[in-house]
Amino acid sequence: MTDHYFTAEPASADERRLIRVNLAGREMDLETAPGVFSPGHLDLGTQVLLRHLPPPPDGRLLDLGCGWGPLALTAALLKPEVKVTAVDVNRRALDLLQRNAARLGAAGAIQACEPDDVPAKRRFDAIWSNPPIRIGKDALHDLLTQWLPRLTPSGEAHLVVQKNLGADSLTTWIASQRDADGQRWGRIEKVGSAKGFRVLRLVRD
């Protein structure tokens, strides 16, 4: 059986380990395991995204495809009063994030949950995501259609996408989208580029 990080119940053995990472300017040991995205280190795309993110908002932030939690944890460390909703289909990843949040004393700031557990009316002032490009274009479009229109007015989404995995075509697609009310999702632009990755910012207007 192929073990994908976007599987609800990974087939690989749940062998927990600690890795040393730097988040929000702090060195720390965090828990990971096989069967989740980038279990051995802080992946390059997320590193690039973190260098181009604005400060967390005063309200609600969505970490879309949270994995073991680098984006959600960074937001909570930088602004403990932020309300982070961290979603992933991978239940092992969600457990890791909850344990890592508790390890850092940030459990109160982060709700780690499966997508269907997020109230449909909840809106977000910011969305941060290293989206799971490898689920395929159609599934990725469905995922972004579900979440990007849930930005509040003037809310911002920041995504990191590898250039050779379709960053430019995804930018064009997002720019053409409208929500159920016929409103454009917003203005999208490239705000950073490094090591083959592009950071995209969508501003709801």
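Listing LYS195, LYS121 from fewest to most neighbouring C-beta atoms within 10 Å gives LYS121, LYS195. For the residue pairs LYS79/LYS163; LYS83/LYS190; LYS121/LYS195; LYS83/LYS163; LYS121/LYS163, the C-alpha atoms sit more than 29 angstrom apart in LYS79/LYS163; LYS121/LYS195; LYS83/LYS163; LYS121/LYS163. Computed over the range 31-114, relative contact order equals 30 percent, with contacts defined as Cα pairs under 8 Å that lie 6+ residues apart. When both the range 8-54 and the range 140-205 are represented by their alpha-carbon centers, they are found 23 Å apart.
Counting other beta carbons within 10 Å of each Cβ, put CYS113, CYS66 in order, fewest first.
Ascending Cβ contact count within 10 Å gives the list CYS113, CYS66.
For the chain, the mean residue ellipticity at 222 nm estimated from helices alone is -7000 deg cm²/dmol, where every DSSP H run of n ≥ 4 contributes -39500 (n - 2.57) and the total is divided by all residues, rounded to the nearest 500. Taking amide H positions as modeled 1.01 Å from N, with prolines and chain starts lacking one, the residues under 5 Å from LEU23 and 5 or more places away or on another chain are MET28. Charge tally for HIS52 (other residues, Cβ to Cβ under 13 Å; Lys, Arg +1; Asp, Glu -1): +3.
Only the coordinates and a few stated rules stand behind these numbers; no lab work does. Computed from a predicted model, the values in this text were never measured in an experiment. A quick note on method: Cβ atoms are made from the backbone with ideal geometry, for glycine too, and the neighbour counts reach across all protein chains shown.
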